Amino acid sequence: MSVLDLARPEIRTLQPYSSARMEASGGQVMLNANESAWEPVGEAGAGCNRYPDPQPQALLQALATLYGVQREQLFVGRGSDEAIDLLVRAFCRADQDAIVIQPPTFGMYAVSARIQNAAVIEVPLADDFSLDIQALLAAITPAVKLVFLCTPNNPSGKSMSLAEIEHVAQALAGRALLVVDEAYIEFSDQPSAMTLIGRYEHLAVLRTLSKAWALAGARIGTLVASPDVIGLIRRIMPPYPLPLPCVAAALAALSPSGQAAARAHIAIVREQRAFMRRSLVGLPGVRDVLPSDANFLAVRFDDAGEVYKRLLQAGIVVRDVRRYPKLQDALRITIGTPDENARVLALLNSSSVAGRRAADGSA
């Protein structure tokens, strides 16, 4: 059975849109796309009067080198969100098919499925936020076309082992496409599931330049999968998903100097993550700080709502994750610069001291 047999049959036979840039490139006089012949004002707009390459070869090659894969195994789009949406649209028929997620987890898997009117089957993570493989596999029905795993998980920060991922991949062969979201893996010691793609054609991996590569504003996300899956996704991608300035920013980030800067910042985040966890655990009012392999910590408080309000009043914005299952008392705090982290600790410590004084009735 081919992985494409899992996809919607009408997508497999769809004639993709042929953009002007795909039909002809490298010409000297470009009169085929109804573009302006004049560049816009300003250096940032250089070349923007022309439509960009739908899948820029220079960027594909840079990412292929970074991830150790072939260009034919890559789709690049507007963040991981676009790849998630395209996967759901390619594999899930409305009112018939389903995806499986493990809450608490990244919300866009379910959002994309519900937009497509595909069912969302939830298999909660264990109390320690580990993957319940038996429960996951028991939930697989013929309607399930996509299974999403997030590692390190957002919002808990816990990783899944490569052995666990491979166990699931083996069990899903011929049944569903396994999609592993590795948005935060650069901050982890865990090996990437991309090492398994050559063995499992029904395995896909999501990566992003938003986190470790500091390009959240450029919206560059990558889907790594078998050439068949990538070919299917390219059938339904928008004509021109990647703006030229965003591609230029990505290429700069992936240059030797850009990679050196990213590695230096990742090292700081990892050191500060350990420091913040040690410091937060000792503060009154903090119930627990979950272990994390990501660039954030999920922190349990006696009164998370009050802490969130105090931080916000001080101009510090963290993520309120109390709506997520198993995290009803938690806030997610991104690891910032050392100075930003010190501000958080100082405020929480001063709030704790003030709270103790109030409880003691002292001034």
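The values are calculated or read from the model by the stated rules, or taken from the named source; none is laboratory data. Treat the numbers as computed from the prediction; the structure is a model and nothing was measured. Methodologically, a virtual Cβ is constructed for each residue, glycine included, from the backbone with ideal geometry; neighbour enumeration extends over all protein chains shown.
Points worth noting:
- All positions within region 80-92 that are of a type outside the set (Asp, Glu) and surrounded by fewer than 21 Cβ atoms within 10 Å (Cβ to Cβ): Arg89
- Gly315 vs. criteria surrounded by fewer than 20 Cβ atoms within 10 Å (Cβ to Cβ), under 20 Å from the mean Cα position of the chain (by Cα) and not in a helix (DSSP H, G or I): no
- Residues satisfying the criterion are absent from region 238-258 (criterion: among the polar types (S, T, N, Q) and in contact (Cβ under 8 Å) with a residue 12 or more places away in the chain).
- Selection status of Gly315, of a type in the set (Gly, Ala, Ser) and touching a residue at least 12 places away in the same chain (Cβ under 8 Å): no
- Single residue of region 243-287 satisfying the filter (among the polar types (S, T, N, Q) and within 30 Å of Thr65 (Cβ to Cβ)) that is farthest from the chain's Cα centre (by Cα): Ser257
- Taking each residue of region 324-338 that is buried (at least 18 other Cβ atoms within 10 Å of the Cβ) and small (Gly, Ala, Ser) and looking for partners that are assigned to a strand (DSSP E or B) and modelled with pLDDT of 95 or more with beta-carbon atoms closer than 6 Å, six or more apart or interchain, yields Ala330/Ala298; Ala330/Arg300.
Residue-by-condition table, conditions (1) touching a residue at least 60 places away in the same chain (Cβ under 8 Å); (2) surrounded by fewer than 16 Cβ atoms within 10 Å (Cβ to Cβ):
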position	(1), (2)
Ser2	yes, yes
Arg21	yes, no
Ala33	no, yes
Ala58	yes, yes
Ala62	yes, no
Leu74	yes, no
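- When residues of region 42-76 are limited to those that are of a type in the set (Asp, Glu) and not in a loop (DSSP other than H, G, I, E, B), the one farthest from Ala183 (Cα to Cα): Glu43
- Summed over region 1-60, the residues that are among the aromatic types (Phe, Trp, Tyr) and touching a helix residue (DSSP H, G or I) at 6+ places or on another chain (Cβ under 7 Å) give a count of 1.
- Of the residues Ser80, Ser36, the single one that is in contact with a Gly (Cβ under 9 Å, 6 or more places away or on another chain) and of a type outside the set (Val, Ile, Thr) is Ser80.
- Residue satisfying condition, being of a type outside the set (D, E, K, R), in contact with a Lys or Arg (Cβ under 9 Å, 6 or more places away or on another chain) and at negative phi, within set Leu312, Leu290: Leu290
- Counting only strands (runs of 3 or more DSSP E) that sit wholly inside region 77-185, those with at least 1 residues that are in contact with a Pro (Cβ under 7 Å, 6 or more places away or on another chain) and over 23 Å from Glu10 (Cβ atoms) are 119-122.
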